[in-house]
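The values are calculated or read from the model by the stated rules, or taken from the named source; none is laboratory data. This structure is a prediction, so every number in the text was calculated from the model and none was measured. Note that we place each Cβ from the backbone using ideal geometry, even for glycine, and neighbour counts take in every protein chain shown.
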Amino acid sequence: MTEDSSNRKTARRMELLVSYVLRAGVLLGTALIMAGVVQMARTGETGYASVLPHGLAALLAFAPPGSAGHFPTAPGEILRAAVVGKPYAIIELGILVLIATPALRVALSVGFFIAERDRFYAAITLLVLAVLVASFLLGAG
């Protein structure tokens with residue numbers, strides 16, 4: 001087997017892995033969102049304080065963490081609330097999975113470029129990953 005043929009097979013395996021990760025992330029995120037919506041429809045509750053009868057204004061009003069009207073926004077809060085079965089948190093967890101899926105693809109690409117010893121694209125992709133991680137951290141909470 002030639003080196004060129006080996007590189008093509010490696011690249012193909014990498015592309016397949018990325019496609020499987022993207023597909024799994026979308027399916028998992030969608031399933032979580034659907035499970036949360038079904039549970040919310042079944043119970044009629046969000047798992048948090050009701051925003052009715054005040055509607056959108058109550059939902060958009062600031063509620064300090066721990067108060068009755070507080071909906072989780074930090075990933076750790078969302079995960080803890082989803083584990084105990086709060087429908088709104090399960091929906092949020094699905095959204096987080098959908099957001100994280102492309103970032104995981106970028107992280108995998110960094111590894112692939114390093115494995116191929118392609119320093120230029122590894123550096124560019126690492127920079128993109130750093131920007132993504134920074135935006136997640138700065139926008140959290």
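Report, ordered by the first and then the second residue, all pairs with beta carbons closer than 9 Å, sequence separation of six or more or different chains, a first member in the range 121-141 that is among the polar types (S, T, N, Q), and a second member that is surrounded by 14 or more Cβ atoms within 10 Å (Cβ to Cβ) and in a helix (DSSP H, G or I).
Thr125/Val106; Thr125/Ala107; Thr125/Ser109; Thr125/Val110; Thr125/Phe112; Thr125/Phe113
Inside the range 37-61, can you point out the residues that are among the hydroxyl-bearing types (Ser, Thr, Tyr) and either loosely packed, with under 10 Cβ neighbours inside 10 Å or modelled with pLDDT of 70 or more (or both)?
Matches in the range 37-61: Thr43, Thr46, Tyr48.
With the structure loaded, tell me whether Val26 is part of a helix (DSSP H, G or I) and modelled with pLDDT of 95 or more or whether it fails that test.
The answer is yes for Val26.
Restricting attention to the range 110-132, which residues are of a type in the set (Gly, Ala, Ser) and under 17 Å from the mean Cα position of the chain (by Cα)?
Ala130
Can you tell me which residues in the range 120-141 are assigned to a helix (DSSP H, G or I) and either of a type in the set (Ser, Thr, Tyr) or touching a helix residue (DSSP H, G or I) at 6+ places or on another chain (Cβ under 8 Å) (or both)?
Tyr121, Ala122, Thr125, Leu126, Val128, Leu129, Leu132, Val133, Ser135, Phe136
Being touching a His at 6+ places or on another chain (Cβ under 8 Å), modelled with pLDDT under 90, of a type outside the set (A, V, I, L, M) and assigned to a loop (DSSP other than H, G, I, E, B): is that true of Pro64 here?
Yes; evaluated as a whole, the condition is true for this residue.
Enumerate the pairs (first residue in the range 29-46 and within 11 Å of Ala89 (Cα to Cα); second residue anywhere and among the aliphatic types (A, V, I, L, M) and modelled with pLDDT under 90) with beta-carbon separation below 9 Å, excluding pairs fewer than 6 apart on the same chain, so at least 6 apart or on different chains.
Cβ pairs passing all conditions: Thr46/Met40.
If we scan the range 115-122, do we find a residue that is at pLDDT 90 or above, crowded, with 16+ Cβ neighbours inside 10 Å and not β-branched (Val, Ile, Thr)?
Yes, the range 115-122 contains a residue that is at pLDDT 90 or above, crowded, with 16+ Cβ neighbours inside 10 Å and not β-branched (Val, Ile, Thr).
Are any residues in the range 76-101 of a type in the set (Ser, Thr, Tyr) and either more than 17 Å from Gly25 (Cα to Cα) or more than 12 Å from the chain's Cα centre (by Cα) (or both), and if so, which ones?
Scanning the range 76-101 gives a single hit, Tyr88.
Can you confirm whether Met34 is in a helix (DSSP H, G or I) and modelled with pLDDT under 95?
So Met34 fails the test.
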